[in-house]
Amino acid sequence: MNLVVFGPPGSGKGTQAKLLQETYGWVQLSTGDMLRAAIAAGTELGKKCQAIMAAGELVPDEVVIGIISERYDQPDCAKGAIFDGFPRTIPQARALDSMLKLREKQIDLVIELKVDDKVLIDRVKARIAQSGGVARADDNPETLQNRLNVYYQNTAPLLEYYKRQGKLTTVDGMLPIAQVTSAVAEVIKKAGHKGCLGIG
Ligand code: AMP
């Protein structure tokens, strides 16, 4: 089972993807987390991406496609993966489809977390306040506006891409976290997928 958790910055993708991993045993693959780890480790890749991420722009497609395919080939992903923050462009989605096809797999489901812009902005402001000054470099009101613009321009067209493939389901991402989780679980159940931990 390969699932994409889709939505704008601050929509709760990371939170839901983590909960899905715990409940179903599929592996959360967050390109944002992988890139932040590369920055923290001071790798060449990290150095290349740091300024781009701090500005809220997208790192080049070939970079994220490369790190995702490498990670997906680790044995733990054989049971299923939860793509979080990837794909973010049409070329990334096409590359993901081809990569999975080569491995006789596919994206089974795409779950969109729909959240209004105003709520997204309030959430990021709350995240900054909670962080006590050690917020993510891209968690500030100006960069968030740019991340939203980038989302609508480059990433939102993927909704149509996955809708045409008959894979898209939209969930209200403005509900409390537990209710979003239940709604997501319902989508997975309806689609007939089962986790690999004997639960879910
Ligand atoms: P996230 O944690 O998913 O919000 O990602 C943080 C930042 O990492 C984004 O604003 C981009 O700069 C970069 N990034 C993460 N995933 C991707 C992706 N799939 N394509 C391009 N850039 C990405």
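The values are calculated or read from the model by the stated rules, or taken from the named source; none is laboratory data. Predicted, not measured: the structure shown is a model, and the values here were computed from it. Note that we place each Cβ from the backbone using ideal geometry, even for glycine, and neighbour counts take in every protein chain shown. For accessibility, only protein heavy atoms count, side chains too; no ligands or nucleic acids. Shrake-Rupley method; radii C 1.70, N 1.55, O 1.52, S 1.80 Å.
Return the pairs, sorted by first residue and then second, in which the second residue is open to solvent by 40 Å² or more (accessible area, probe 1.4 Å), the first residue lies in the stretch 28-47 and is modelled with pLDDT of 95 or more, the beta carbons are less than 7 Å apart, and the residues are 6+ apart or on different chains.
Close Cβ pairs satisfying both conditions: Q28/K18; Q28/Q21; L29/R71; M34/R71; A38/L45; I39/Q50; G46/I39.
Let's see how each residue does on (1) among the aromatic types (F, W, Y); (2) touching a strand residue (DSSP E or B) at 6+ places or on another chain (Cβ under 7 Å); (3) more than 9 Å from the ligand (Cβ to nearest atom):
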| position | (1), (2), (3) |
| --- | --- |
| F6 | yes, yes, yes |
| G12 | no, yes, yes |
| L19 | no, no, yes |
| A41 | no, no, yes |
| S69 | no, no, yes |
| P75 | no, no, yes |
| A81 | no, yes, yes |
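State the number of residues belonging to the stretch 89-106 that are more than 21 Å from V187 (Cβ to Cβ) and either within 11 Å of the ligand (Cβ to nearest atom) or not aliphatic (A, V, I, L, M) (or both).
9
Check off (1) small (G, A, S); (2) in contact (Cβ under 8 Å) with a residue 60 or more places away in the chain; (3) surrounded by fewer than 15 Cβ atoms within 10 Å (Cβ to Cβ) for S98 and give me the number that stays unchecked.
(2)
Working only within the stretch 182-200, note down all residues that are more than 29 Å from V59 (Cβ to Cβ) and either open to solvent by less than 40 Å² (accessible area, probe 1.4 Å) or in contact with a Cys (Cβ under 6 Å, 6 or more places away or on another chain) (or both).
Once the filter is applied, which keeps residues that are more than 29 Å from V59 (Cβ to Cβ) and either open to solvent by less than 40 Å² (accessible area, probe 1.4 Å) or in contact with a Cys (Cβ under 6 Å, 6 or more places away or on another chain) (or both), the stretch 182-200 yields A183, A185, V187, I188, G195.
Among the candidates L197, L109, L159, single out the residue that is within 16 Å of the ligand (Cβ to nearest atom) and in contact (Cβ under 8 Å) with a residue 40 or more places away in the chain.
Going through L197, L109, L159 in turn, just one is within 16 Å of the ligand (Cβ to nearest atom) and in contact (Cβ under 8 Å) with a residue 40 or more places away in the chain: L159.
Of everything in the stretch 104-122 that's farther than 28 Å from Y72 by Cβ and open to solvent by less than 80 Å² (accessible area, probe 1.4 Å), which residue is nearest to the chain's Cα centre (by Cα)?
Here the answer is L120.
Only one of these conditions is not met by L168: (1) within 20 Å of K79 (Cα to Cα); (2) open to solvent by less than 70 Å² (accessible area, probe 1.4 Å); (3) in contact (Cβ under 8 Å) with a residue 12 or more places away in the chain. Which number is it?
Status for L168: all satisfied but (1).
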